[in-house]
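In what follows, a structure is listed as structure tokens, so that the remarks can point back to it.
The values are calculated or read from the model by the stated rules, or taken from the named source; none is laboratory data. Note that the structure is predicted; figures quoted are calculated from it, not measured. Methodologically, a virtual Cβ is constructed for each residue, glycine included, from the backbone with ideal geometry; neighbour enumeration extends over all protein chains shown.
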């Protein structure tokens, strides 16, 4: 699965699994409730859980680790004690790099004093519009503002605009620039969830503008839209 996520990720690690955002397009929930439902870790489906057996892991130089790809470590339902245990474990692998990707980046502000410098602050923000029935994640405005509030933090910042949904061109561009990410990933839905998708021309425009602004863009699935036009 690592190659399908982001090209620089070479390991995934799930000290905390599960999520309550209930995103319509969530591949992880489908996997947990489907193919993995009879495995010990996913017998309770996608219900959030700490996996203490993972807290003894160590990662060496060259490891680029996606933390909790099968959940959201910083979801509002996650006890602070769990997060602190994971961050303490990360501190014991100073030569590795860790991607913390969430749809609730406001909690980065809560834990920023504990988050080691070998972590990347990442947020998934699929659009600058609200679409009913797609996700229970925090409103896009809260996510943008939280990432902007991190300011000139020594940690690097990353934005995932995937699966991309239709957006307002100048507004989304200004928000991304204000965050000052080291990298942005852009991609359409991979699982035929009939999302409100933008035209290919709009997506190519956004990518071009970001690159012109000096922001590295990772192209994920880029194709003509096959979802529901907004």
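Computed quantities for the displayed model
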{"quantity": "Set 83, 106: member being surrounded by 19 or more Cβ atoms within 10 Å (Cβ to Cβ) and closer than 19 Å to residue 157 by Cβ", "calculated": "83"}
{"quantity": "Single condition residue 164 does not satisfy, out of (1) closer than 30 Å to residue 57 by Cβ; (2) in contact with a strand residue (DSSP E or B) (Cβ under 8 Å, 6 or more places away or on another chain); (3) crowded, with 18+ Cβ neighbours inside 10 Å", "calculated": "(1)"}
{"quantity": "Hits in the range 204-219 - residues which are under 20 Å from the mean Cα position of the chain (by Cα) and free of Cβ contacts under 8 Å to residues at least 60 places away in the same chain", "calculated": "206, 207, 210, 215, 216, 217, 219"}
{"quantity": "Unmet requirement for residue 157, which otherwise passes all of (1) modelled with pLDDT of 95 or more; (2) surrounded by fewer than 21 Cβ atoms within 10 Å (Cβ to Cβ); (3) more than 25 Å from residue 224 (Cβ to Cβ)", "calculated": "(2)"}
{"quantity": "Lone qualifier among 59, 98 - being touching a strand residue (DSSP E or B) at 6+ places or on another chain (Cβ under 7 Å), at pLDDT 95 or above and part of a strand (DSSP E or B)", "calculated": "98"}
{"quantity": "Contacts under 7 angstrom Cβ, first residue in the range 106-131 being farther than 30 Å from residue 168 by Cβ, partner part of a loop (DSSP other than H, G, I, E, B), 6 or more apart", "calculated": "115/155; 117/154; 117/155; 118/94; 118/96; 119/155"}
{"quantity": "Single match in 185, 178 (criterion: under 17 Å from residue 23 (Cβ atoms), touching a residue at least 24 places away in the same chain (Cβ under 8 Å) and not in a loop (DSSP other than H, G, I, E, B))", "calculated": "185"}
{"quantity": "Pair list, Cβ < 8 Å and 6+ apart or interchain, from the range 1-12 residues that are within 14 Å of residue 27 (Cβ to Cβ) to residues that are surrounded by 16 or more Cβ atoms within 10 Å (Cβ to Cβ) and modelled with pLDDT under 90", "calculated": "12/5"}
{"quantity": "Residues that are in a loop (DSSP other than H, G, I, E, B) and more than 14 Å from the chain's Cα centre (by Cα), drawn from the range 137-175", "calculated": "139, 150, 151, 152, 153, 154, 155, 165, 166, 167, 168"}
{"quantity": "Residue check for residue 31: within 27 Å of residue 138 (Cβ to Cβ) and either part of a loop (DSSP other than H, G, I, E, B) or touching a strand residue (DSSP E or B) at 6+ places or on another chain (Cβ under 9 Å) (or both)", "calculated": "no"}
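To keep it simple, each residue is scored yes or no on (1) touching a strand residue (DSSP E or B) at 6+ places or on another chain (Cβ under 6 Å); (2) more than 23 Å from residue 99 (Cβ to Cβ); (3) in contact (Cβ under 8 Å) with a residue 60 or more places away in the chain.
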{"residue": "148", "(1), (2), (3)": "no, no, no"}
{"residue": "156", "(1), (2), (3)": "yes, no, no"}
{"residue": "169", "(1), (2), (3)": "no, yes, no"}
{"residue": "189", "(1), (2), (3)": "no, no, yes"}
{"residue": "202", "(1), (2), (3)": "no, yes, no"}
{"residue": "224", "(1), (2), (3)": "no, yes, no"}
